[in-house]
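Novice: Okay, here's the structure, questions in a sec.
Every number in this text was worked out from the coordinates using simple rules, so none of it is lab data. If you're wondering where the values come from, they're calculated on a predicted model, not measured in any experiment. Positions of Cβ are backbone-derived with ideal geometry, glycine not excepted, and every protein chain shown enters the neighbour counts.
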Amino acid sequence: MTGPRLTRAVLAAGAVALLAGCSFLNSLPFVGGAEKPKPADLQPNPNLIGVQQSWTARVGAVDFPLVVAVNGNVAAVASSDGTVAGFDATSGREQWRGSAGAPLAAGVGFDGGTAAVVTRNNELVAFSSGKEVWRQKLNALSYTAPLVAGARVFVLGGDRSVSAFDGGTGRRLWTQQRQGEPLVLRQAGVILAVGDTLVVGQGGRLAGLNPLNGSVRWEVPIATARGINDVERLVDLVGRVSRVGDSVCARAFQAAVGCADAARGTVAWTQRANGSEGLSGDAANVFGTESDSKIVSWRRSDGQRAWVNDKLQWRGVGTPLALGRSVVVGDEFGFVHLLSREDGSLLNRLPTDGTAIAAAPVAAGNTLVVVTHGGNVYGFVPQ
């Protein structure tokens with residue numbers, strides 16, 4: 001959840017400034033000359049739903065935009081030093097482990113057979129059962145976990161180019177290069193499969209691509225650029241998204257949230273919102289975290305607010321997970337909060353190792369899987 005530092009990098013497409021997410025700014029003691037707001041005190045834990053820690057495992061410290069990938073009952077995780085591992089979500093038993101041989105910039109993509117990560121050396125590395133099967137040099141930096149689907153590996157570059165590779169051999173199949181934005185974010189973007197369409201975030205737009213050749217089928221705006229300089233005009237979609245059927249809802253950094261119909265290539269609605277973390281949701285609602293750590297529920301049908309929880313303000317709350325009757329969020333103090341889907345009230349709170357939650361929580365089978373910046377992996381189950 002803690003964003004990387006501000007930096008400038010030269011990509012194959014040209015010089016592009018890569019901006020850190022606002023969570024980095026919130027981690028500083030002073031922001032814009034003002035003292036950082038005091039995190040909200042924790043409410044007494046009501047323990048209204050029974051959840052207990054079932055297991056814990058170790059992967060290594062995490063300081064990159066980790067995505068925990070789930071296929072079946074296996075959760076694939078990674079650490080900054082290049083370690084990639086798969087754990088059985090029921091028992092916590094390690095299924096496989098491998099190493100990319102270099103620090104990681106993005107990962108993990110996983111389809112149950114192939115796992116893929118991107119190193120800080122700009123290499124895409126694919127594994128099978130923890131053994132490296134191929135690696136390919138990329139044309140651009142990437143901070144988004146690769147998508148492994150349909151016997152292919154898709155990569156969204158930091159310049160928002162998209163490339164496809166053969167999942168078995170690593171052969172590059174195609175690259176779709178669009179005109180680069182003056183500024184993009186040094187954090188995970190949007191890439192997912194919806195039916196036979198590859199959906200990616202490019203600037204403030206969702207684009208539907210043909211996965212066979214990269215041609216554009218449709219584009220829809222979630223947010224449009226405003227302002228008088230490049231920083232003010234920055235619009236970029238951030239992962240993760242909430243998908244229910246053909247409905248895909250995404251956040252534009254510090255600008256808006258919105259939902260699109262990926263079958264028709266149309267926008268359902270957009271609403272102004274001020275956040276930098278991804279979304280989760282169900283058929284009725286979409287859940288997200290604002291920059292001040294308020295958690296918001298929007299109605300999926302029309303984008304109207306259903307509820308707001310302001311009890312965790314300034315606690316560095318990250319991307320939520322809709323799970324059962326709960327909305328699960330982790331904070332920068334290592335706590336996992338389970339909120340009611342109905343009204344956002346606290347149901348339970350789970351401790352970890354005291355370091356920030358490093359990735360959006362995920363569900364694997366009947367287990368809630370959480371990874372911390374300290375490198376510990378936790379499995380929580382209903383009592």
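Novice: So how strong a dipole does the chain carry about its Cα centre when Lys and Arg Cβ are +1 and Asp and Glu Cβ are -1, to the nearest 20 debye?
Specialist: Approximately 400 debye in magnitude.
Novice: Between beta-carbons, use under 9 Å as the cut-off and find the net charge around GLN43, counting Lys and Arg +1, Asp and Glu -1.
Specialist: Result for the neighbourhood of GLN43: +1.
Novice: For the chain, what class follows from the C-alpha gyration tensor (a ≥ b ≥ c being the square roots of its eigenvalues): rounded when a/c is under 1.5, otherwise prolate if a/b is larger than b/c, else oblate?
Specialist: Verdict is rounded for the chain.
Novice: If you place +1 on the Cβ of every Lys and Arg, -1 on the Cβ of every Asp and Glu, and leave all else neutral, what size is the dipole of the range 191-349 about its Cα centre, to the nearest 20 Debye?
Specialist: 180
Novice: List the lysines whose Cα sits under 21 Å from the Cα of LYS36, skipping any in the same chain fewer than 8 residues away.
Specialist: In chain and number order, the partners are LYS294, LYS311.
Novice: Considering Cα pairs under 8 angstrom that are at least six residues apart, work out the relative contact order of the chain and quote it in whole percent.
Specialist: Once normalised by length, the contact order is 15 percent.
Novice: Under 5 Å between amide hydrogens, which residues at least 5 positions from ARG315 or on another chain qualify, with H placed 1.01 Å from N in the peptide plane?
Specialist: So ARG315 has HN proximity to ALA40.
Novice: Under a straight-distance cross-link criterion of Cα-Cα below 18 Å, which aspartates and glutamates are reachable from LYS38, leaving out those fewer than 8 residues away in the same chain?
Specialist: Hits, sequence-local ones excluded: GLU290, ASP292, ASP310, ASP331, GLU332.
Novice: Going from the alpha-carbon gyration tensor of the range 236-292, what semi-axes, largest first and in whole Å, does one get by taking the root of 5 times each eigenvalue?
Specialist: Each semi-axis is the square root of five times an eigenvalue, giving 18, 12, 9 Å.
Novice: Taking springs between alpha-carbon atoms closer than 10 angstrom, which of ARG226, ARG272, ARG349 fluctuates most in the Gaussian network model of the chain?
Specialist: Maximum among the listed residues: ARG226.
Novice: Next up: Specify whether the C-alpha gyration tensor of the range 97-215 places it in the rounded, prolate or oblate class, a ≥ b ≥ c being the square roots of the eigenvalues: rounded for a/c under 1.5, otherwise prolate if a/b is larger than b/c and oblate if not.
Specialist: In terms of gyration-tensor shape, oblate.
Novice: Turning to a different aspect of this structure: Obtain the nm distance between the two label points defined at VAL381 and ASP261 by a simple spin-label model: each point lies 7 Å from its Cα along the Cα-to-C-beta direction.
Specialist: 4.2
Novice: Something else about it: Could you tell me which of rounded, prolate or oblate describes the range 303-383, using a ≥ b ≥ c as the square roots of the eigenvalues of the alpha-carbon gyration tensor, with rounded for a/c under 1.5 and, failing that, prolate when a/b is larger than b/c and oblate otherwise?
Specialist: Judged from the Cα gyration tensor, the range 303-383 comes out oblate (a/c at least 1.5, b/c at or above a/b).
Novice: Using Cβ counts within 10 Å as a stand-in for footprinting exposure, how do ARG58, ARG300 rank, fewest first?
Specialist: With the sparsest Cβ surroundings first, the list reads ARG58, ARG300.
Novice: For a quick check: sort TRP55, TRP174 by the number of other beta carbons within 10 angstrom, fewest at the front.
Specialist: TRP174, TRP55
Novice: Over the chain, with a Gaussian network built from C-alpha contacts below 10 Å, which listed residue (ASP41, ASP166, ASP261) shows the highest mean-square fluctuation?
Specialist: ASP41
Novice: Now for a separate question. On full extension of the chain, what length is gained from LEU212 through ASN45, given 0.36 nm per residue of separation minus the C-alpha to C-alpha distance?
Specialist: Extra length from LEU212 to ASN45 when fully extended: 55.1 nm.
Novice: Here is a follow-up. R0 = 56 Å: FRET efficiency of TRP96 with THR224, Cβ-based, nearest 0.05?
Specialist: 0.80
Novice: Say the dipole of the range 256-327 comes from +1 at the beta carbon of Lys and Arg and -1 at that of Asp and Glu; which of GLY288, GLN313, GLY324 then lies farthest toward its positive end?
Specialist: Positive-end residue among those listed: GLY324.
Novice: Please state the relative contact order of the range 251-383 as a whole percent: Cα pairs under 8 Å, 6+ residues apart?
Specialist: 14
Novice: Can you give the Kirkwood hydrodynamic radius of the range 149-191 from its Cα pairs, in Å with one decimal?
Specialist: 11.3
Novice: So for the range 326-383, averaging the separation of alpha carbon pairs under 8 Å that are six or more residues apart and normalising by length, what relative contact order in percent results?
Specialist: RCO, the range 326-383: 26 percent.
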